[in-house]
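Below is one structure; the comments refer to it alone.
The values are calculated or read from the model by the stated rules, or taken from the named source; none is laboratory data. Bear in mind that the values here come from a model prediction, so they are computed numbers and not experimental data. Please note: Cβ atoms are built from the backbone with ideal geometry, for glycine as well, and neighbour counts cover all protein chains shown.
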Amino acid sequence: MNDAAPASNTPRRARVRAPELIGKGGWLNTGGKDYTLTDLRGRIVILDFWTFCCVNCLHVLDELRELEERHRDTVVIIGVHSPKFVHEAEHQAVVDAVERYEVEHPVLDDPELATWKQYAVRAWPTLVVIDPEGYVVAQHAGEGHAHAIETLVAELEAEHEARGTLRRGDGPYVPPEPVATDLRFPGKALRLPGGTFLVSDTTRHQLVELAADGETVLRRVGSGERGFGPGSFSEPQGLALLPDGKVAVADTVNHAIRTFDPETGEIATVAGTGKQWWQGSATSGPAREVDLSSPWDVAWWQDRLWIAMAGVHQLWTYDPATGTVEAVAGTTNEGLVDGPAAEAWFAQPSGLAAGGDRLWVADSETSAVRWLDTDLVVHTAVGTGLFDFGHRDGDAAQALLQHPLGVTALPDGSVAVSDTYNHALRRYDPATGEVTTLATDLREPSDAVLVGGEGSGDPEIVVVESARHRLTRLRLPEEAVRVESVAHRTQRAATEVGPGKLSLDVIFQAPAGQKLDLRYGPSTRLLVSSTPPELLASGDGADTDLSRDLVLADGVTEGVLHVSAMAASCDDDPAIEYPACHVHQQDWGVPVRVVEGGTGRLALVLAGMDEASAE
């Protein structure tokens, strides 16, 4: 234990030395230098275990920006990139992601999850705090922990300043050299009535209008600086033409829907407050008064603007006639469950396309194409769940995609799929139930726009090649491209559990100076399900207790436990008239293998002290 008492009354557990940082991909944002924890001794180190497909990880990147700037002389944040998808293990893809999301701290590329395993991490995102002497002092899974970490950092600064073990100064971050291109990681595109293209230039926080050739820049819209002011965007994505001629913009990191008037150039906010939606917030009401969460795409369908709300795994609508928003499909639970819209599960919906009586959805984390019918029932066309992906054509029941971000309705009733992590354009035909490949050798295609084919020549499709920073025009082939089939599963070691009873404990320790918010009843929630559903004989469903006894069914030897936990804590100081409250939440997908002699307890840390407390 420390000789000096910590600055708060929070009890500290036995200190655990932080394992070394290792990763075959090497270091980014350090000017070519490799680092060890010894090099960082004297600094407060925050490890951010993330992967760039994960919207929750992107939320945490944004949560940490202010803390990173305020404590730049004492805190070193290190992103440990730990891939879920095969594409995310490619080094260049990580390099691209670090620039795309403006990560301004060192990143360790760990394609084989070596450091992930050393720290016994189970979920994206996970934050681990290491004190200036090299000991793990806290671990937090999920979002919403910035306030707690800010408090802990201030405590560690005071403690180690007094001990003489705090070292201030410049950190190891070295920004990469900027690259001059007209577009930088564009997200989505829209063809305007005059034949030009409007593109969301995501990393530059702008919209760009290109001529009909898809190359010549006509104008840029927005300040180019991250912000929520009248002329600013923050990582804009989806675009949709509204009946009044304005363009709806999914202003993703601002958690808002904006409009752009191509005639006047005016930018306005029509939905969202600029703040992120959390569990317990309103899910309907006046559009400017309801929080949103990472809207990724928009589409006009059935006289409303539909919103792919990637941050909460739902579809919402905005009605310009009434000025209201409403959550329509999805429960906020992450997964693939069809049925009535209010009961369906999505996983980071990121692309929308209106196709007659269907609203097509690119459900990225399940590598799926889904659709909503006019009776508000959700169906799956392609995809099986969170952990299976690949590149396989043929019957839709067996076909595989890899993290698609875009869908485009075609005139014949089929849909083109921007199969992002397969670097391909795919097609699903409802008439035949077949999936084919239209084009390969693209680079992270994130959207596509149909041109021609309506009395104006043969149909062509313009693809947003996000990682090549350009639009690419393709002629739709009469025959599909032949591609060798490949299938993958998420590569994470399964936890060996014993048959029968399994005790599940989600560990949550309210941060220093806070307590559980019990003013309106229980402030915690735990939801459990499994893939396959037959894995659990009992214990699935929702409740408020963060501990639960599960019973594994006889005859099922492996599967995935899906665990979703939430806890709300508030400032614990009677002198504060209006205490600030904070929501902590996380979803886990835990692969398990049932073996004799396996563990009878599964502990997951939502927020608490060092990892030793969870074992």
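Quick look at the numbers
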item	result
Top-ranked residue of segment 405-434 - restricted to ones that are aliphatic (A, V, I, L, M) and under 21 Å from residue 86 (Cα atoms), ranked as surrounded by the most Cβ atoms within 10 Å (Cβ to Cβ)	417
Residue check, residue 418 polar (S, T, N, Q), without any contact (Cβ under 8 Å) to a residue 40 or more places away in the chain and not assigned by TED's automatic domain parsing to the domain that holds residue 200	no
Unmet requirement for residue 441, which otherwise passes all of (1) modelled with pLDDT of 90 or more; (2) closer than 30 Å to residue 602 by Cα; (3) loosely packed, with under 14 Cβ neighbours inside 10 Å; (4) not polar (S, T, N, Q)	(2)
Matching entry among 347, 342, 327, 353 (being among the hydrophobic types (A, V, I, L, M, F, W, C), at pLDDT 95 or above and closer than 19 Å to residue 565 by Cα)	347
Selected residue [of a type in the set (A, V, I, L, M), surrounded by fewer than 24 Cβ atoms within 10 Å (Cβ to Cβ), farther than 28 Å from residue 423 by Cβ and in contact (Cβ under 8 Å) with a residue 12 or more places away in the chain] from 341, 381	341
Tally of residues being out of contact with any Gly (no Cβ under 6 Å at 6 or more places or on another chain) and buried (at least 18 other Cβ atoms within 10 Å of the Cβ) across segment 55-67	9
Test: residue in segment 592-599 that is surrounded by 14 or more Cβ atoms within 10 Å (Cβ to Cβ), without any contact (Cβ under 8 Å) to a residue 60 or more places away in the chain and not hydrophobic (A, V, I, L, M, F, W, C)	no
Conditions (1) part of a loop (DSSP other than H, G, I, E, B); (2) at pLDDT 95 or above: number failed by residue 279	(2)
Pairs with Cβ under 6 Å, 6+ apart, first in segment 388-408 and on the phi > 0 side of the Ramachandran plot, second polar (S, T, N, Q) and outside any loop (DSSP other than H, G, I, E, B)	403/364; 403/420
Scope segment 370-383; condition touching a Leu at 6+ places or on another chain (Cβ under 7 Å) and either farther than 18 Å from residue 347 by Cβ or not aromatic (Phe, Trp, Tyr) (or both); matching residues	372, 378, 380, 382, 383
Pick from segment 92-132, criterion out of contact with any strand residue (DSSP E or B) (no Cβ under 7 Å at 6 or more places or on another chain) and of a type in the set (Lys, Arg), ranking: farthest from residue 187 (Cα to Cα)	117
Residue satisfying all of: in segment 547-561; among the hydrophobic types (A, V, I, L, M, F, W, C) and surrounded by fewer than 19 Cβ atoms within 10 Å (Cβ to Cβ); nearest to residue 517 (Cα to Cα) among these	551
Residue in segment 261-273 that is surrounded by 24 or more Cβ atoms within 10 Å (Cβ to Cβ) and either under 16 Å from the mean Cα position of the chain (by Cα) or closer than 22 Å to residue 124 by Cβ (or both) present	no
In segment 319-334, residue nearest to residue 542 (Cα to Cα) [restricted to those that are out of contact with any Phe, Trp or Tyr (no Cβ under 9 Å at 6 or more places or on another chain) and of a type in the set (Gly, Ala, Ser)]	323
Tally of residues being of a type outside the set (D, E, K, R), touching a Ser or Thr at 6+ places or on another chain (Cβ under 7 Å) and under 22 Å from residue 366 (Cα atoms) across segment 73-113	4
Segment 452-468 residues that are buried (at least 19 other Cβ atoms within 10 Å of the Cβ), paired with ones that are modelled with pLDDT under 90 and not basic (Lys, Arg) (beta carbon under 7 Å, 6 or more apart)	461/476
Segment 294-321 residues that are not assigned by TED's automatic domain parsing to the domain that holds residue 200 and in a loop (DSSP other than H, G, I, E, B), paired with ones that are polar (S, T, N, Q) and surrounded by fewer than 24 Cβ atoms within 10 Å (Cβ to Cβ) (beta carbon under 8 Å, 6 or more apart)	none
Complete set of residues in segment 364-383 that are of a type in the set (Ser, Thr, Tyr) and in a strand (DSSP E or B)	380
Some residue of segment 507-521 being assigned to a loop (DSSP other than H, G, I, E, B), of a type in the set (A, V, I, L, M, F, W, C) and touching a helix residue (DSSP H, G or I) at 6+ places or on another chain (Cβ under 8 Å)	yes
Entirely in segment 536-592, the strands (runs of 3 or more DSSP E) that have 3 or more residues that are out of contact with any Cys (no Cβ under 6 Å at 6 or more places or on another chain) and under 15 Å from residue 523 (Cα atoms)	558-571
Looking only at segment 132-167, and only at residues there that are assigned to a loop (DSSP other than H, G, I, E, B) and among the small types (Gly, Ala, Ser), the one that is farthest from residue 511 (Cα to Cα)	164
Filtered residue count, segment 200-246, keeping only those that are part of a helix (DSSP H, G or I) and touching a strand residue (DSSP E or B) at 6+ places or on another chain (Cβ under 9 Å)	2
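Residue by residue, here is whether (1) on the phi < 0 side of the Ramachandran plot; (2) of a type in the set (Lys, Arg); (3) touching a Gly at 6+ places or on another chain (Cβ under 8 Å); (4) crowded, with 21+ Cβ neighbours inside 10 Å holds:
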residue: 327; (1), (2), (3), (4): yes, no, no, yes
residue: 331; (1), (2), (3), (4): yes, no, no, no
residue: 345; (1), (2), (3), (4): yes, no, yes, yes
residue: 355; (1), (2), (3), (4): yes, no, yes, no
residue: 359; (1), (2), (3), (4): yes, no, no, yes
residue: 363; (1), (2), (3), (4): yes, no, yes, yes
residue: 368; (1), (2), (3), (4): yes, no, yes, yes
residue: 375; (1), (2), (3), (4): yes, no, no, no
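A quick yes/no check of all residues on (1) of a type outside the set (Asp, Glu); (2) closer than 30 Å to residue 275 by Cα; (3) not assigned by TED's automatic domain parsing to the domain that holds residue 125:
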{"site": "503", "(1), (2), (3)": "yes, no, yes"}
{"site": "531", "(1), (2), (3)": "yes, no, yes"}
{"site": "538", "(1), (2), (3)": "yes, no, yes"}
{"site": "572", "(1), (2), (3)": "no, yes, yes"}
{"site": "583", "(1), (2), (3)": "yes, yes, yes"}
{"site": "589", "(1), (2), (3)": "yes, yes, yes"}
{"site": "599", "(1), (2), (3)": "yes, no, yes"}
